[in-house]
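Here's the structure we're looking at; comments come further down.
Just so you know, all these numbers are worked out from the coordinates, no wet-lab data involved. Not measured: the values here are computed from a predicted model. Using ideal geometry, Cβ is built from the backbone for each residue, glycine included, and neighbour counts are taken over all protein chains shown.
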Amino acid sequence: MTQPYVSNPAVAPAAQCRHSVWGTSIRYTIIATLIFGLGYPLFVTVIAGMMFPYQAAGSLIQKNGQVIGSELIAQSFTSDKYFHPRPSAAGNGYDATSSGGSNLAQSNAKLVQRMQGDIDRLSKENDGKPVPIDLVTTSGSGLDPDITPDAAYFQASRVAKARGYTEDQMRALIARHVKSRQLGFLGEPRINVLELNLALDTQTGK
C-alpha cells in the first residue's frame with residue numbers, strides 16, 4: 001500500500017501540541033475568571049451580608065434616620081466645640097476616592113513644614129500643651145477615623161470651654177468611648193472621632 005507523502009513528519013505533532021497549549025490556556029483563563037473573578041467575590045459578598053450586615057454596608061452611622069458618615073472614614077471638624085481628627089493625606093479633605101498616604105519622606109521639607117505648622121496651631125488652641133503625635137501625622141490610608149485616647153484628652157479642655165462644661169466632664173465622656181484592642185491584643189486603644197462628637201452633641205444638647 002502506498003504511504004502518503006509527508007515532507008516533514010515533525011510538523012504535524014508540533015502543530016497539534018501548539019493547538020493543545022492554546023486550548024488549555026483559554027479554558028483555564030475562562031474557568032479561573034468565573035471562579036475567582038465572579039464566583040468567589042459573589043460568595044464572600046453574600047456571606048458578609050448575612051453574617052455582618054452592618055459592616056458589609058459600610059459601617060454607616062445614622063442620625064435622625066439620615067446617614068451622616070461612616071465609622072471607617074474620618075470627617076473634618078474644625079470648630080472648638082468638637083474633637084478634631086487626624087490630618088488627611090487626601091488632596092480633597094477626607095474623600096474616600098483619594099485614599100492613600102502622602103509618601104513624603106521624614107526629611108521632606110514640605111512634610112516638616114506642614115507638621116510644624118500643625119504643632120504650632122494645635123498647641124496654641126489647646127493651652128500650649130505638648131501635641132500628641134497622631135494629631136500631626138496621617139495614617140496609611142489618610143482617612144483614619146480614630147485617634148488615641150491621649151489625643152482626645154489633649155483636646156478636652158478646649159472643647160469643655162467651648163461647650164460650657166468642666167474638663168472633668170469631658171474627660172469622663174472620652175473615657176466612655178475608648179475602644180480596647182481588638183481581640184485583646186490587636187492594635188491600640190482608640191476613639192472614633194465622629195462617634196465621640198455625636199455623643200458630645202447628645203450630652204450637651206448643642
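Any idea what angle helix 149-163 forms with the longest principal axis of the chain, computed on alpha-carbon atoms, 0 to 90 degrees, nearest 10?
50
Once you keep just the Cα pairs under 8 angstrom separated by 6 or more residues, what percentage relative contact order results for region 22-180?
Result for region 22-180 is 20 percent.
Which entries in 129/179; 81/161; 129/161; 124/179; 63/161 show an alpha-carbon gap greater than 20 Å? Walk me through the numbers before you get to the answer.
Details: 129/179 24 Å; 81/161 8 Å; 129/161 15 Å; 124/179 28 Å; 63/161 25 Å.
Going by Cα-Cα distance, 129/179; 124/179; 63/161 fall outside the 20 Å limit.
What is the helix-to-structure angle for 40-51, meaning the angle in degrees between its Cα long axis and the longest Cα principal axis of the chain, kept from 0 to 90 and rounded to the nearest 10?
That works out to roughly 40 degrees.
To test your reading of the geometry: what angle, between 0 and 90 degrees and rounded to tens, separates the Cα axis of helix 193-204 from the longest principal axis of the chain?
It is inclined by approximately 30 degrees.
Over all distinct alpha-carbon pairs, what is the Kirkwood Rh of region 59-204 in angstrom?
About 16.0 Å, per the Kirkwood formula over Cα pairs.
So which chymotrypsin sites (Phe, Trp or Tyr not before Pro) in region 141-206 are both in a DSSP loop and have at most 12 other Cβ atoms within 10 Å of their Cβ? Walk me through the numbers on the way to the answer.
Working: sites: 153, 154, 165, 185; in loops: 165, 185.
The qualifying sites are 185.
Rounded to whole Å, give me the distance from the Cα center of region 129-146 to that of region 39-61.
So the two Cα centres are separated by 29 Å.
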